[in-house]
Amino acid sequence: MGLFDDMKRFLETQLDDFMSKNPHLQIQVLEEQLQQQEMDSTSLLLDLRQQEKQLQAEVLSTGQEIKGWHDRIAKAQAAGRTDLAAAAQERMDGLLRQGNQLWGKMQGIKERQAQATELIETIKVRRTELQKKAAEMKATSASNKVWEKPSIPWSNETSRPDRSDPLEAEFLKWETEEELLRLKKNLGK
């Protein structure tokens, strides 16, 4: 596994180096991450709203059942049926506990909705800041053409050697061999 770990570290180092030389790509990656977080948070918020509606319906249904049992208790007491009134009271007490639990869950859902909404707003502000920073970087680096051509360490497009110049060709061959040796050495670590 040592070779794979070394290769992984080497590639991570190269990627970090490349990203540090191309900050606009870092901003683009961050912007994509924020966009994904915003989509995830929006999806969570929609799910929480659906859960809240379901809990509201359950609370209303439980409230209707409680009202029905309350009426039965009064009816049984009026008729002198204390046995039925006591059983109905137990049933109503159980429904009240259930209703309180549902109400607590609904309040928890509402708190999570508020947190998700706040998170979405924070993400939107952060994305706006990143877009401004990207625009500033693009404006300042437009003269250097950094946005159109990222600097790649092994690319030497800026200086095209004159193939007819034997000294230039010899140096190019030597520099290429040196670069290959350096890469092999880095891979071997």
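General remarks:
- Only listed residue being open to solvent by less than 50 Å² (accessible area, probe 1.4 Å), over 32 Å from the mean Cα position of the chain (by Cα) and not aromatic (Phe, Trp, Tyr), chosen from Ile66, Ile27: Ile66
- Selection of the stretch 88-102 for residues being touching a helix residue (DSSP H, G or I) at 6+ places or on another chain (Cβ under 9 Å) and open to solvent by less than 30 Å² (accessible area, probe 1.4 Å) yields Ala88, Met92, Leu95, Gly99, Leu102.
Condition check ((1) open to solvent by 90 Å² or more (accessible area, probe 1.4 Å); (2) in contact (Cβ under 8 Å) with a residue 60 or more places away in the chain; (3) hydrophobic (A, V, I, L, M, F, W, C)) across all residues:
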residue	(1), (2), (3)
Ala85	no, no, yes
Gly104	no, no, no
Glu118	yes, no, no
Thr122	no, no, no
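- Glu58 vs. criteria charged (D, E, K, R) and either modelled with pLDDT under 95 or open to solvent by less than 60 Å² (accessible area, probe 1.4 Å) (or both): no
The values are calculated or read from the model by the stated rules, or taken from the named source; none is laboratory data. Note that the structure is predicted; figures quoted are calculated from it, not measured. For neighbour counting, all protein chains shown are included, and Cβ atoms are generated from backbone atoms with ideal geometry for every residue, glycine included. Heavy atoms of the whole protein, side chains included, go into the accessibility calculation; ligands, DNA and RNA do not. Shrake-Rupley method; radii C 1.70, N 1.55, O 1.52, S 1.80 Å.
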